[in-house]
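Only one structure is covered here, and it is reproduced in the block below.
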Amino acid sequence: MEKLVSLCKRRGFLFQSSEIYGGINGFWDYGPLGVELKRNVKEAWWRDMVTGHDDLSTMPGAPEPYEMTGLDCTIIMHPQVWKCSGHYDLFHDYMVDCRQSKRRYRHDQVVGRWVEAKGQIVFATAGSDSDHPEADIERNALKFFGLRTKQADQLKWDGVMVSLTTVDDFSQVLGPDAKELGTLTEPREYNLMFKTIVGALGGEENAAFLRPETAQGIFVNFKNVVDSSRVRVPFGIAQIGKSFRNEITPRNFTFRSREFEQMEIEFFCHPNSSAEWYTYWRNRRFQWYIDMGLAGDKLRLREHDPDELSHYSTGTADVEYAFPFLPAGEYGELEGIAHRGDFDLRSHMEGKLDPESNPLTLELDENGKPRHRGSGKDLTYRDDITNERYTPHVIEPSAGADRATLAFLCEAYTEDEAPDENGKMQSRVVMKLHPRIAPLKAAVFPLVKKDGMPEMAQDIYRSLKKKFNVFYDEKGAVGRRYRRQDEAGTPFCITVDGESISDGTVTIRHRDTLEQWRVKKDDVVAEIDKLVNG
């Protein structure tokens, strides 16, 4: 992972936000290659899910034909949206503070082990930002007991590493950055929404929030989309956009950030067929990642256990990837596909539902009125053919654009060997990105800067540039130029040599297989288009 992070900065995939001022935790900037990679991921998702969707035919595995459309909603919405959705009351994590170090940790992400030495038993911990928690736990325990590394055998461990949530009494807990016991506070709620004020003269009554998800903008526009575009159930509304969560401890590169981008679909269907649609979207979204280059045992589809499900959900599955920063055998979520029933549309019609008692009853205030009133608008759907009126059920495939981009980077990073310009094998770093999402589709080289080769290479570059993002390079030995493009993930390199001047053909080199073949100059654009798009 350290090698990948280094490459991402060196080659311009990702930079720490505000780096010249020391950076700001949980925020990342995409560099010249990174912005192209992420844009290609989003465009591939939009093309495959929305614009390329065939509205007239039944997709493989789908119960019936369906339509797809899109939205782009505002980041700041009416505060009542978040009250009715449940985010205002329920969207929080628990945090603990250390009175000694003045640091803050997410309660469920602090891990530790019980250890005994010198007649004392303590729960030694490591912080939620630790890359090597077991090593940090041992180091903290040694420091607390006044032992050296060579005296580690004096530590008597009891049990495996567990979460701080399993500990009831904090008096024997050694905080991750503390020198004494009992410095951690009791866990308390911490709302994850970013708060802001709307209007130059606004006060607390004008408070609003940056959206923590893009889904609610789709739900509140359900009626607008039905009335304006004349779509019929079943249909899906897609949206790509920024979301914001004030994470207590953002960590693991871009995996958990405070500003991130989502690719979400809210798919509206008849209640009687919703189970079939859930299965369809679960399988289709999993297959998309495989088609884009994630495969093998690093990728899995995991169905949630019943005790993991939200009170309104009858099924949820996660597409998960074994990121290299996670412990062996652990997976991180790429996308969740949830069967949400009619919870969201009903909440925005009637008010926030009470998950603690009966999910079909409203939560009332002391005057017997709904605590968080809905819009009062009719968000039901009437089938213009059968005249049936009902509240559609929703299937929600919700993907993270940043997490998907990070997974593709992790999967692509490869170290192998390739011949240099003299045929000698040299080690290389290569980013084996799928051609559809690679930042650059091709690079064009003149073998030398004379004999008309640069002019021909520039003509080819300009003809490719009209259709693809490509790169021109005439500096240095051709082997060195190949390696620069291998690190950038460029799938194809086109070289103009002496033979090109005489017969009008050029060499195309494949990044992964190292295969080389010649094509006519006038056929290069068509050849690259076939290789990239199939």
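What follows is calculated from the coordinates using simple rules that are stated; it is not laboratory data. Not measured: the values here are computed from a predicted model. Because the Cβ atoms are built from the backbone with ideal geometry, glycine has one as well, and the counts that use them run over all protein chains shown.
Which distance in nm do the two modelled labels at residue 526 and residue 135 give, with both placed 7 Å along the Cα-to-Cβ direction?
Result: 5.6 nm between the two label points.
Between beta-carbons, use under 14 Å as the cut-off and find the net charge around residue 400, counting Lys and Arg +1, Asp and Glu -1.
Its environment carries a net charge of -3.
At a Förster distance of 25 Å, what's the computed FRET efficiency of residue 276 paired with residue 227, Cβ-Cβ distance as r, to 0.05?
According to the calculation, E is roughly 0.40.
Which order do 510, 434 fall in if you start with the one that has the fewest other Cβ atoms within 10 Å?
510, 434
Multiply the residue gap between residue 387 and residue 179 by 0.36 nm, knock off their C-alpha separation, and tell me the result in nm, one decimal place.
Full-extension gain reported as 67.9 nm.
Normalised by the number of residues in segment 1-80, what is the relative contact order in percent for Cα pairs under 8 Å and 6+ residues apart?
Dividing the mean separation by the residue count of segment 1-80 yields 17 percent.
Could you give the semi-axes, largest first, of the ellipsoid that matches segment 94-190, computed as the square roots of 5 times the alpha carbon gyration tensor eigenvalues and rounded to whole Å?
Those come to 21, 13, 12 Å.
So what is the 222 nm mean residue ellipticity for the chain from helices alone, if each DSSP H run of at least 4 adds -39500 (n - 2.57) and you divide by all residues, rounding to the nearest 500 deg cm²/dmol?
Here the helix-only value at 222 nm equals -7500 deg cm²/dmol.
Calculate how large, on average over all directions, the projected area of the Cα convex hull of segment 1-126 is; give the answer in nm² to one decimal.
Directional mean of the projected Cα hull area for segment 1-126 stands at 16.0 nm².
Place a +1 charge on the Cβ of each Lys and Arg in segment 160-217 and a -1 charge on the Cβ of each Asp and Glu, then give the dipole magnitude about the Cα centre in debye, rounded to the nearest 20.
It comes to approximately 240 debye.
For 256, 518, which order do you get if you count the other beta carbons within 10 Å of each Cβ and list the fewest first?
The fewest-first ordering by Cβ neighbours comes to 518, 256.
Would you work out the relative contact order for segment 376-460, in percent, from Cα pairs under 8 angstrom that are 6 or more residues apart?
Contact order relative to length: 14 percent.
With N residues in segment 470-532, what two-decimal value do you get for its Cα radius of gyration over 2.2 N^0.38 Å?
That works out to 1.09 for segment 470-532.
For segment 276-356, state what percent of all Cα-Cα pairs lands in each successive 10 Å bin, counting from 0 Å until the bin that includes the largest distance.
17, 40, 28, 13, 2
For segment 374-473, what does the convex hull of the Cα positions come to per residue, in cubic angstrom?
About 224 Å³ per residue, rounded to a whole number.
For segment 49-102, what's the radius of gyration and Dmax over Cα atoms, in angstrom?
Cα-based Rg and Dmax for segment 49-102 come out at 21.2, 64 Å.
Using a basic spin-label model with each label point 7 Å from the Cα along Cα→Cβ, how many nm lie between residue 424 and residue 64?
Taking the two extended label points, one gets 6.9 nm.
Need one number: nm distance between label points at residue 297 and residue 480, each 7 Å from Cα along Cα→Cβ, rounded to one decimal.
So the two model labels end up 4.2 nm from each other.
Roughly how large, in nm² to one decimal, is the mean projection of the convex hull of the alpha-carbon atoms in segment 421-478?
Mean shadow area of the hull around the Cα atoms is 5.1 nm².
What FRET efficiency, computed as 1/(1 + (r/R0)^6) with R0 = 45 Å and r the Cβ-Cβ distance, is obtained for residue 39 and residue 314, rounded to the nearest 0.05?
About 0.80, to the nearest 0.05.
Cα-based Rg of segment 217-263 per 2.2 N^0.38 Å, rounded to two decimals?
1.65
Using a 10 Å cut-off around each Cβ, can you sort 157, 45 from fewest to most neighbouring Cβ atoms?
If I rank by nearby Cβ atoms, fewest first, I get 157, 45.
Determine the relative contact order of segment 440-533: mean sequence separation of Cα pairs under 8 Å and six or more apart, normalised by residue count, in whole percent.
So the answer I get is 31 percent.
Taking the structure as given and computing semi-axes √(5λ) of the Cα gyration tensor in Å, which label from (1) 38, 27, 26; (2) 45, 37, 20; (3) 37, 25, 22 fits?
Of the labelled values, this structure produces (2).
What's the extension gain from residue 166 to residue 149 if we count 0.36 nm per residue and subtract their Cα-Cα distance?
3.3 nm
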